[in-house]
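J.: Attaching a single structure in structure tokens format; questions to follow.
The values are calculated or read from the model by the stated rules, or taken from the named source; none is laboratory data. As the structure is a computational prediction, the values presented were derived from the model and not from experiment. Cβ sites come from the backbone with ideal geometry, for glycine too, and all protein chains shown count toward neighbours.
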Amino acid sequence: MNDAKIIKDQRTAVVNEEFCGNCEFCPVTCPYGAISLEPTSEEHFIARISDLLCEGCGTCVGTCPLNAIELRHSRPNQMLAQMKGLMSINGTPKPLVLAICCSECGHTAVDSSGMAMIPYPASVRIMKVPCTGILQVHQLLEAFKSGAQGVMVVGCKSDGCHYEVGVQKAEKKVELAKTLLKEYGIEPDRLAMFNMVFIEGREFAQATQMMTQTLEKLGPLSLTDDSSIKA
Ligand code: SF4
Ligand code: SF4
């Protein structure tokens, strides 16, 4: 009898079949071939995700135009609650910054800065995501509505993403979000993408200092009403 076992992280993506609009985007997005399309009728099909093949990066979540995919343990409502919690209190005279860091190089660079005792402003709050590829444009805008004066997205180097393509997709979404911020009359420099490798604690600390200085020059961000940003 073969009693071999596969031990695997349960952080995998799930499709809400009710919302899936058979657009075919997600199968070509997944770097691991974990998504297939299953016909439900002659003209319709829905996306199916293999728990075995899914590596839990969330890139498909950030790509689905109909918000039909969620990642277990990083569902949009959980991410929003985390964002709001992190932005609820400042307690320093410096502007609040949300640093959204991937679990690989981004967050490890934060740890590296701590281990090397390189300080960064206490007003910079770290939000860890599996891969920056999970981010959706509206979430970047939502961060400002939650109280961030600036938002940093910190991922791997463009050609060194631990999930193959996630960080490249994040870079494009940051650019799009910057365009939208400009449309809303908000300085695009309040949002920035940073790419680093895990040992670059000093670079992370420098990036936070740079962002803080930029925000201090720009002055406080005041959103006049909820419609200022349509996140
Ligand atoms: S991207 Fe979203 S809507 Fe399109 S097939 Fe995949 S799950 Fe369905
Ligand atoms: S979470 Fe990543 S690995 Fe899993 S199905 Fe989505 S894109 Fe593929």
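J.: For the range 95-106, state whether one or more residues are surrounded by fewer than 17 Cβ atoms within 10 Å (Cβ to Cβ) and either more than 12 Å from the chain's Cα centre (by Cα) or not hydroxyl-bearing (Ser, Thr, Tyr) (or both). Write out each step before concluding.
T.: Residues of the range 95-106 that are surrounded by fewer than 17 Cβ atoms within 10 Å (Cβ to Cβ), as a first pass: none.
No: zero hits.
J.: Condition check: on the phi < 0 side of the Ramachandran plot and either over 20 Å from the mean Cα position of the chain (by Cα) or exposed (fewer than 14 other Cβ atoms within 10 Å of the Cβ) (or both). Does Phe45 satisfy that?
T.: On the way: on the phi < 0 side of the Ramachandran plot: yes; either over 20 Å from the mean Cα position of the chain (by Cα) or exposed (fewer than 14 other Cβ atoms within 10 Å of the Cβ) (or both): yes.
Against the criterion (on the phi < 0 side of the Ramachandran plot and either over 20 Å from the mean Cα position of the chain (by Cα) or exposed (fewer than 14 other Cβ atoms within 10 Å of the Cβ) (or both)), Phe45 qualifies.
J.: Could you identify the single residue in Pro27, Pro31, Pro39 that is of a type outside the set (A, V, I, L, M) and away from ligand 1 (no atom under 14 Å from the Cβ)?
T.: Values: Pro27 fails: away from ligand 1 (no atom under 14 Å from the Cβ); Pro39 fails: away from ligand 1 (no atom under 14 Å from the Cβ).
Selected residue: Pro31, the only one of Pro27, Pro31, Pro39 that is of a type outside the set (A, V, I, L, M) and away from ligand 1 (no atom under 14 Å from the Cβ).
J.: Right, here's the next one. Considering each of Leu66, Leu52 in turn, give the residue that is more than 15 Å from ligand 1 (Cβ to nearest atom) and out of contact with any strand residue (DSSP E or B) (no Cβ under 9 Å at 6 or more places or on another chain). Steps first, answer last, please.
T.: On the way: Leu66 fails: more than 15 Å from ligand 1 (Cβ to nearest atom).
Of Leu66, Leu52, the one residue that is more than 15 Å from ligand 1 (Cβ to nearest atom) and out of contact with any strand residue (DSSP E or B) (no Cβ under 9 Å at 6 or more places or on another chain) is Leu52.
J.: Hey, any hits in the range 5-12 for a residue that's within 15 Å of ligand 1 (Cβ to nearest atom) and over 30 Å from Thr214 (Cα atoms)?
T.: We begin by selecting, within the range 5-12, every residue within 15 Å of ligand 1 (Cβ to nearest atom); these are 12.
From what's left, over 30 Å from Thr214 (Cα atoms): 12.
The answer is yes, given that some residue of the range 5-12 is within 15 Å of ligand 1 (Cβ to nearest atom) and over 30 Å from Thr214 (Cα atoms).
J.: Being within 10 Å of ligand 2 (Cβ to nearest atom) and surrounded by 20 or more Cβ atoms within 10 Å (Cβ to Cβ) is the filter here; which residues of the range 71-86 pass it?
T.: Step one: list which residues in the range 71-86 are within 10 Å of ligand 2 (Cβ to nearest atom), which gives 71-72, 74.
Selection gives Leu71, Ser74.
J.: Give the residues of the range 140-166 that are within 9 Å of the chain's Cα centre (by Cα) and more than 13 Å from Ala99 (Cα to Cα), sorted by residue number.
T.: Hits for the range 140-166: nothing passes.
J.: Among the candidates Glu38, Glu43, single out the residue that is more than 16 Å from ligand 2 (Cβ to nearest atom), of a type in the set (Asp, Glu) and over 23 Å from Glu164 (Cβ atoms). Show your work before the answer.
T.: Numbers: Glu38 fails: more than 16 Å from ligand 2 (Cβ to nearest atom).
None of the others qualify; the one that does is Glu43.
J.: Which count do you get for residues in the range 13-24 that are within 7 Å of ligand 1 (Cβ to nearest atom) and β-branched (Val, Ile, Thr)?
T.: So the answer is 1.
J.: If you check every pair at least six apart or on different chains, which have Cβ atoms under 6 Å apart with a residue in the range 205-228 that is at pLDDT 95 or above first and a residue that is β-branched (Val, Ile, Thr) second?
T.: Note: pairs meeting the criteria are Ala205/Ile118; Thr208/Val124; Met211/Val97.
J.: Go through the range 194-206 and report how many residues are buried (at least 21 other Cβ atoms within 10 Å of the Cβ) and within 18 Å of the chain's Cα centre (by Cα).
T.: So the answer is 4.
J.: Let me ask something else. Please verify whether Val165 is in contact with a Ser or Thr (Cβ under 8 Å, 6 or more places away or on another chain), surrounded by 13 or more Cβ atoms within 10 Å (Cβ to Cβ), in contact (Cβ under 8 Å) with a residue 40 or more places away in the chain and not assigned by TED's automatic domain parsing to the domain that holds Thr59, treating the condition exactly as stated.
T.: Working: in contact with a Ser or Thr (Cβ under 8 Å, 6 or more places away or on another chain): yes; surrounded by 13 or more Cβ atoms within 10 Å (Cβ to Cβ): yes; in contact (Cβ under 8 Å) with a residue 40 or more places away in the chain: yes; not assigned by TED's automatic domain parsing to the domain that holds Thr59: yes.
For Val165, the condition - in contact with a Ser or Thr (Cβ under 8 Å, 6 or more places away or on another chain), surrounded by 13 or more Cβ atoms within 10 Å (Cβ to Cβ), in contact (Cβ under 8 Å) with a residue 40 or more places away in the chain and not assigned by TED's automatic domain parsing to the domain that holds Thr59 - is met.
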